[in-house]
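A.B. asks: Next up is a structure, given as structure tokens.
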Amino acid sequence: MQEFFHSVTLDWDKCKGCINCIKRCPTEAIRVRNKKAYIIAERCIDCGECIRVCPHHAKRATCDSLDILKNYSYTIALPAPSFMAQFNNLEDVDIVLNALIAFGFNEVYEVAKAAEIVSAATRKLMATHDLPRPVISSACPAVTRLIRVRFPGLIDHVLPLHAPIEVAARVAKREAAEKTGLPPEKIGAIFISPCPAKVTATKMPLGTDVSAVDGVVAVSDIYSKLLPLMHHDSIEYMSETGKIGLSWGSSGGECSGLINDNYLAADGIENVIRVLEDLEDEKFRDVDFIELNACSGGCVGGVLNVENPYVAKTKLYRIRKHLPVSLNHLETADLVDGDLDWDTPLEFVPVLKLDENVWEAMMKMEQVEEILQSLEGLDCGSCGAPSCRALAEDVVRGLASIDDCIFRCKNHDDVPAPFRTGGEEKGE
Amino acid sequence: MSVLKWTYEVDGTDFTRAGEASSNLKKKLRALGIPAEVIRKVSIALYEGEINMVIHADGGVITIEMSPDRIDMILADHGKGIPDIEQAMQAGWSTAADEVRSLGFGAGMGLPNMKKNSDEMRIESTVGVGTTVYMTVYINGGPKKADA
């Protein structure tokens, strides 16, 4: 099995051992033991929900520091579409792109540009009808990872194209190598990311063995350094993006790039899971394409962004208003084989199963059910597992004890008088 | 232990809860490491069955019996029964009320979909007494399906 790298990690000192994160984790990947949270590596999909919910800021995303620029002779900034929605009163994307150059990057390649190419490639692929319907977007790495561990039946539906950031890095690095004559290892393609899952996606990519992205810098790290460099006058025209590219920054944007009404876009990890469950039951019959974003609002809702997601969404609408529909097309894009298509198929990783052997798994499940019967069913999380079922499974897997349940230590007859009145005694 | 057995009460009065049994069973089958294709067939067949129980029979009881080589699903209701099973099995045949159709159900594909997604299916029904549907899905192939 592939080794698991994760961007989402825990700051041991800050963790108080509360249960906020374990309850929110969509893959039940976190347990609290001895007043500290632990992340079960093979289950984590780096969605960042725990970062969002932790009141003590003990969960963090491991990104590259801005010092990474020093490692390369020539650096390319790859700003995400949602990055353009982080600034107040921004009327022109070029102001941000120029500021990135002023900051020290040698070149900027908008991820939105690559997004328009991916939109065009998706339209072309959809027209061939080679993929089972509905096709599911592969752009959100947390969703792709979720499908890989939890929805094996839907793996065939996942769009086998690289996400825009990967395409952007591949094209930009090749163009820069041709232009500068430098070897690829001297050129650094640095993603300005709203998202911890994108860090994981570059270190341990799905769909290919090695990502062309050399570093991932958090939006929140570069934001304040860029503000003093943003000027309205004497800026160079740089942006080569239309409406479709920028739209990818918020939920529904990728869909709108398909120029087809038969789509569905869901955002927020809980909503995504509900859609995937329904999809598995074949409840959607007339949908061609499904866009799913783990963050509420789409990439504008990424935990590394600085602006409120809904304000950012409005800003994105405003910036793209007067742009042409699309400025990048498959016919004119400078592509080679492998820029767009996955070369490694997505494979199911059964991290949630109880045992390799079905018979053993059934015996264990029977034990799980038995233990579950003996628990209160309050899903309080005090044992350190997110639900009573999760505790029961942990016990059977040998990872917890049934005595971790605090209700097993309590005397239930010892109820103070004011709380003793039951339903039928009311009104007496 | 020869089989695992689970029962689900299907509430016939609450349309929004239809699908709870199939969703719950799906999680269990995943934890058991059952192949994706088998899980897919079981959840679709069971989901269609649940919807039928809610639309036509005011609910009922689902019993799942699972052994390492097969999953048996028994869906029993005390609804109005099916007068002509052969006719009910035809794709497009439906007696669903207009209000159900307006929700996108009642297309007459329920029973055909259940048959398509199970390896064996048998219906016992008495008008005025109720209907019991028996469906089996084999794990790792099992005996070949008699008719396609």
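The values are calculated or read from the model by the stated rules, or taken from the named source; none is laboratory data. Keep in mind that what you see is a predicted model, and the values were worked out from it rather than measured. Reconstructed Cβ throughout: ideal geometry from the backbone, glycine too, with neighbour counts over all protein chains shown. SASA here: full protein model, heavy atoms, side chains in, ligands and nucleic acids out. Shrake-Rupley method; radii C 1.70, N 1.55, O 1.52, S 1.80 Å.
A.B. asks: DSSP loop trypsin sites (Lys or Arg not before Pro) in the range A:270-326 with at most 14 other Cβ atoms within 10 Å of their Cβ, which ones?
C.D. replies: On the way: sites: A:ARG274, A:LYS283, A:ARG285, A:LYS313, A:LYS315, A:ARG318, A:ARG320, A:LYS321; in loops: A:LYS283, A:ARG285, A:LYS321.
When the trypsin sites (Lys or Arg not before Pro) of the range A:270-326 are filtered for loop state and at most 14 Cβ neighbours within 10 Å, A:ARG285, A:LYS321 remain.
A.B. asks: Next up: Could you let me know the centre-to-centre spacing of the range A:68-113 and the range A:245-302, using Cα atoms, in angstrom?
C.D. replies: Result: 27 Å between the Cα centres.
A.B. asks: Between the range B:1-27 and the range A:143-166, what is the separation of their alpha carbon centroids in Å?
C.D. replies: One Cα centre to the other: 28 Å.
A.B. asks: So, counting K/R as plus one and D/E as minus one, what does the shell of residues with Cβ under 9 Å around A:LEU399 add up to? Show your work: numbers first, answer last.
C.D. replies: On the way: positive: A:ARG31, A:ARG397; negative: A:GLU393, A:ASP394.
After counting each charged neighbour, the total is 0.
A.B. asks: Dipole size in debye (nearest 20) for the protein assembly as shown around its Cα centre, Lys and Arg Cβ +1, Asp and Glu Cβ -1? Don't skip to the answer; put the middle values down first.
C.D. replies: Working: 61 positive and 84 negative charges, 227 e Å.
I would put it at about 1080 debye.
A.B. asks: Now, a different point. Taking the Cα centre of each part, how many Å lie between the range B:113-128 and the range A:4-66?
C.D. replies: One Cα centre to the other: 47 Å.
A.B. asks: Still on this structure, I have one more. Report the equivalent ellipsoid semi-axes for the range B:4-138 in whole Å, largest first, defined as the square roots of five times the eigenvalues of the gyration tensor built from alpha carbon atoms.
C.D. replies: On the way: eigenvalues 110, 46, 41 Å².
Equivalent ellipsoid semi-axes, largest first: 23, 15, 14 Å.
A.B. asks: May I pose another question? Given the DSSP H assignment, sum -39500 (n - 2.57) over each helix run of at least 4 residues in chain A and divide by its residue total; what's the result at 222 nm in deg cm²/dmol, nearest 500?
C.D. replies: Working: 14 runs with 141 residues, N = 428.
Estimated from H runs of four or more residues: -9500 deg cm²/dmol.
A.B. asks: Here's a follow-up. Inside 10 Å of the C-beta atoms of A:354-365, what's the mean count of C-beta atoms belonging to other chains? Could the numbers behind the result be given before it?
C.D. replies: Details: counts 5, 3, 1, 3, 10, 5, 3, 8, 11, 2, 2, 7.
Per-residue shielding by partner chains comes out at 5.
A.B. asks: Then there's this: What span do the alpha-carbon atoms of the protein assembly as shown cover on each of the three principal axes, reported in whole Å from largest to smallest?
C.D. replies: 83, 61, 51
A.B. asks: Can you sort A:CYS405, A:CYS380 by solvent-accessible area, 1.4 Å probe, largest first? Before the final figure, lay out each step's value.
C.D. replies: Working: A:CYS405 15, A:CYS380 50 Å².
Output order, biggest surface exposure first: A:CYS380, A:CYS405.
A.B. asks: For the range A:204-300, I need the span (max minus min coordinate) of the C-alpha atoms along each principal axis, in Å, sorted largest to smallest.
C.D. replies: Here the spans come out as 55, 31, 26 Å, largest first.
A.B. asks: Can you tell me the dipole magnitude for the range A:134-282 around its Cα centre, using point charges on the Cβ only (Lys, Arg +1; Asp, Glu -1), in Debye to the nearest 20?
C.D. replies: Details: 13 positive and 20 negative charges, 120 e Å.
Roughly 580 debye, rounded to the nearest 20.
A.B. asks: Also, I was wondering about something else. Quick one: plug the Kirkwood hydrodynamic radius of the range A:8-61 (C-alpha pairs) into Stokes-Einstein at 4 °C, 1.567 mPa s, and report D in µm²/s.
C.D. replies: Details: Rh = 10.7 Å.
The estimated diffusion coefficient comes to 122 µm²/s.
A.B. asks: Moving on. How much accessible surface area, in Å² rounded to 10, belongs to the heavy atoms of A:SER82 with a 1.4 Å probe?
C.D. replies: My reading of the accessible area for A:SER82 is about 0 Å².
A.B. asks: For the pair A:LYS124/A:LYS321, report the inter-label distance in nm, with labels modelled 7 Å from Cα in the Cβ direction.
C.D. replies: That separation, rounded to one decimal, is 3.4 nm.
A.B. asks: Across the residues of B:38-48, average count of Cβ atoms on other protein chains within 10 Å? Each step should come with its number before you reach the end.
C.D. replies: Details: counts 1, 4, 6, 1, 0, 5, 5, 0, 1, 5, 2.
Average neighbour count from other chains, rounded to a whole number: 3.
A.B. asks: Another one. Please name whichever of A:GLY48, A:CYS15, A:CYS25 sits farthest to the positive end of the charge dipole of the range A:8-61, dipole taken about the Cα centre and charges placed at Cβ: Lys and Arg +1, Asp and Glu -1.
C.D. replies: Value computed over the given set: A:CYS15.
A.B. asks: Accessible area of B:TYR134, 1.4 Å probe, to the nearest 10 Å²?
C.D. replies: Accessible area of B:TYR134: about 70 Å².
A.B. asks: If you don't mind, there's one more thing I want to ask. Just counting partner chain Cβ atoms within 10 Å, what average do the residues of peptide A:184-190 show around their Cβ? Don't jump to the answer; show the numbers that get you there.
C.D. replies: Numbers: counts 0, 0, 0, 0, 0, 0, 0.
Counting other chains' Cβ atoms within 10 Å and averaging over A:184-190 gives 0.
A.B. asks: Using 18 Å as the Cα-Cα cut-off, could you pick out the over-long pairs in A:LYS23/B:LYS28; A:LYS198/A:LYS243; A:LYS70/A:LYS186; B:LYS80/B:LYS116? Each step should come with its number before you reach the end.
C.D. replies: On the way: A:LYS23/B:LYS28 20 Å; A:LYS198/A:LYS243 23 Å; A:LYS70/A:LYS186 10 Å; B:LYS80/B:LYS116 24 Å.
Going by Cα-Cα distance, A:LYS23/B:LYS28; A:LYS198/A:LYS243; B:LYS80/B:LYS116 fall outside the 18 Å limit.
A.B. asks: Let me ask you something else. What is the antiparallel percent of DSSP beta bridges lying wholly in chain A, to the nearest 5? Intermediate values should be presented prior to the final figure.
C.D. replies: Working: 8 of 28 bridges.
Bridges in chain A are about 30 percent antiparallel.
A.B. asks: If you don't mind, another one. Assuming R0 = 60 Å, can you tell me the calculated FRET efficiency for the pair B:GLU124 and A:SER234, based on Cβ-Cβ distance, to the nearest 0.05? Walk me through the intermediate numbers first.
C.D. replies: Values: r = 83 Å, r/R0 = 1.39.
About 0.10, to the nearest 0.05.
A.B. asks: With every protein chain kept in the model, how would you rank A:LYS186, B:LYS5 by accessible area, 1.4 Å probe, largest at the top? Walk me through the numbers before you get to the answer.
C.D. replies: Values: A:LYS186 95, B:LYS5 130 Å².
Output order, biggest surface exposure first: B:LYS5, A:LYS186.
A.B. asks: Suppose every K and R has +1 on its Cβ and every D and E has -1 on its Cβ; what is the size of the dipole of chain B about the Cα centre, in Debye to the nearest 20? Walk me through the numbers on the way to the answer.
C.D. replies: On the way: 16 positive and 20 negative charges, 130 e Å.
Dipole about the Cα centre, nearest 20: 620 debye.
A.B. asks: With a cap of 12 neighbouring Cβ atoms within 10 Å, and only residues DSSP puts in a loop, list the chymotrypsin sites (Phe, Trp or Tyr not before Pro) found in the range A:268-349. Spell out each step's value before the answer.
C.D. replies: Values: sites: A:PHE284, A:PHE289, A:TYR310, A:TYR317, A:TRP342, A:PHE348; in loops: A:PHE284, A:TRP342, A:PHE348.
Passing sites in the range A:268-349 do not exist.
A.B. asks: Running a GNM on chain A with Cα contacts under 10 Å, which residue among A:THR200, A:THR144, A:THR62 ends up with the highest mean-square fluctuation?
C.D. replies: Looking only at A:THR200, A:THR144, A:THR62, the biggest GNM fluctuation is shown by A:THR62.
A.B. asks: For the range A:1-122, state the semi-axes of the equivalent ellipsoid (square roots of 5 times the eigenvalues of the alpha-carbon gyration tensor), sorted largest first and rounded to whole angstrom.
C.D. replies: Values: eigenvalues 240, 60, 53 Å².
Gyration-tensor ellipsoid for the range A:1-122: 35, 17, 16 Å.
A.B. asks: How far is it, in nm, from the label point at A:ASP156 to the one at A:ILE406 when both lie 7 Å from their Cα along the line to the Cβ?
C.D. replies: 4.8 nm
A.B. asks: May I pose another question? Taking 7 Å along the Cα-to-C-beta vector as the label spot, tell me the A:MET363-B:PHE15 distance in nanometres, rounded to one decimal.
C.D. replies: Output for this residue pair reads 4.7 nm.
A.B. asks: Oh, and also: If all Cα-Cα distances of the range A:358-408 are sorted into 5 Å bins from 0 onward, what percent lands in each bin, rounded to whole numbers?
C.D. replies: For the range A:358-408, the pair-distance distribution reads 5, 24, 35, 22, 9, 4, 1.
A.B. asks: Follow-up question, since we're still on this one. Give the residue list of trypsin sites (Lys or Arg not before Pro) in the range A:33-136 that are DSSP loop and have at most 11 other beta-carbon atoms within 10 angstrom. Provide the component values of the computation, followed by the final result.
C.D. replies: Details: sites: A:ARG33, A:LYS35, A:LYS36, A:ARG43, A:ARG52, A:LYS59, A:ARG60, A:LYS70, A:LYS113, A:ARG123, A:LYS124; in loops: A:LYS35, A:ARG43.
Hits after loop and neighbour filter: A:LYS35.
A.B. asks: Another question, if that's okay. Taking R0 as 35 Å, what FRET efficiency do you get between A:LYS16 and A:ASN271 from their Cβ-Cβ distance, rounded to the nearest 0.05? Walk me through the numbers on the way to the answer.
C.D. replies: Numbers: r = 29 Å, r/R0 = 0.83.
That gives a FRET efficiency of 0.75.
A.B. asks: Moving on. Looking at this model, which pairs from A:LYS113/A:LYS179; A:LYS113/A:LYS225; A:LYS364/B:LYS26; A:LYS225/A:LYS321; A:LYS353/B:LYS5 are more than 21 angstrom apart at the alpha-carbon?
C.D. replies: Values: A:LYS113/A:LYS179 19 Å; A:LYS113/A:LYS225 24 Å; A:LYS364/B:LYS26 17 Å; A:LYS225/A:LYS321 27 Å; A:LYS353/B:LYS5 18 Å.
Check vs 21 Å cut-off fails for A:LYS113/A:LYS225; A:LYS225/A:LYS321.
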